[in-house]
Amino acid sequence: MHISKIQIGDHYVLVNTDDLSVHSWIHDQFKVIPREQWDGNTPDLYMNIRKGYGVPLEDYHVDISQQDGVLIYARDDFMIRSLPDYRQVELQVHDDLALKHALMTIYSAFIVHSGWGLLIHSSCVVNGNKAYLFAGPSGAGKSTVAMLSRPREVLSDEATLIKIEPDRVVAYDSPFRSDSTTNYEKESRPLAAIHLLEQSPQIERSRISQAETVFRLMDKIFYWAHDPAETRKVLGMCRTLTLQVAAYNLKFQKNDLFWERIS
């Protein structure tokens, strides 16, 4: 059995697996806490991970059911069994891609359930010690914006980790990435603005309302609706986010000149 303790955002996750490839992948993708530092970091989640489930990804749809007090998330390439508080979880996965998506699914459910924050399908870049989020439909340019923004720090290029409190919103270094990498030494930053992307021959930045921002962000949150109470939590946190952080439509070209409009 291989046991690791990792950190995601403010949370510590104790991971157990009997598969060396899973253990190695976890160490490659996440901030691992050295064993000598475990005493002061009580785990928030306990996970047991096994490989050998299902078939390669064919459909992103996730079926959610409940059986004998256990929540079950099922996709072609993974199955998650979790207690209702999301603190004790069993993951069965087909491959590394399934493992990544299963971890995103359960961690997003956990931070929604606890009211900590949201995992948003977006990129996030640091400029002037503040974080800027870039979201949009598939192909809108989230990863492109992250790439064009270098050498600025990239906090995410696929899934932005946002902590939402009544008086502040903070973006964290996200381990859930597609193209960029991190050394997990990046500090969390206050979120200064949200941008909804549109590739265009011209560069234009225009403010949008809170109501429109909530509407356009809801389908970009990594969350699979199964409980009206949990969905209300998502909506409430999204409203709190948009009350504190201004949002804009951003038309941009494939260069970094859009930063002149933001700055």
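The values are calculated or read from the model by the stated rules, or taken from the named source; none is laboratory data. This one's a predicted model, so the numbers in the text were calculated from it and none came from an experiment. FYI the Cβ positions are ideal-geometry reconstructions off the backbone, even for glycines, and counts take in every protein chain you see.
Structure above, values below:
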{"item": "Exclusive hit being within 21 Å of Ser178 (Cα to Cα), surrounded by 20 or more Cβ atoms within 10 Å (Cβ to Cβ) and not aromatic (Phe, Trp, Tyr), set Leu97, Leu71, Leu103, Leu45", "result": "Leu103"}
{"item": "Check on Leu20, buried (at least 18 other Cβ atoms within 10 Å of the Cβ) and either outside the structural domain of Glu185 (by TED's automatic domain parsing) or closer than 23 Å to Ser178 by Cα (or both)", "result": "no"}
{"item": "Residue tally, condition closer than 25 Å to Val112 by Cα and either part of a loop (DSSP other than H, G, I, E, B) or polar (S, T, N, Q) (or both), over the stretch 197-253", "result": "16"}
{"item": "Residues of the stretch 254-263 satisfying the condition of being of a type outside the set (A, V, I, L, M) and either crowded, with 18+ Cβ neighbours inside 10 Å or in a helix (DSSP H, G or I) (or both)", "result": "Phe258, Trp259, Glu260, Arg261"}
{"item": "Residue among Tyr107, Tyr73 that alone is at pLDDT 95 or above, of a type outside the set (A, V, I, L, M), within 18 Å of the chain's Cα centre (by Cα) and in a strand (DSSP E or B)", "result": "Tyr73"}
{"item": "Subset of the stretch 119-158 (residues that are more than 19 Å from Ser263 (Cα to Cα), of a type outside the set (Val, Ile, Thr) and surrounded by 24 or more Cβ atoms within 10 Å (Cβ to Cβ))", "result": "Leu119, Ser122, Ser156, Asp157"}
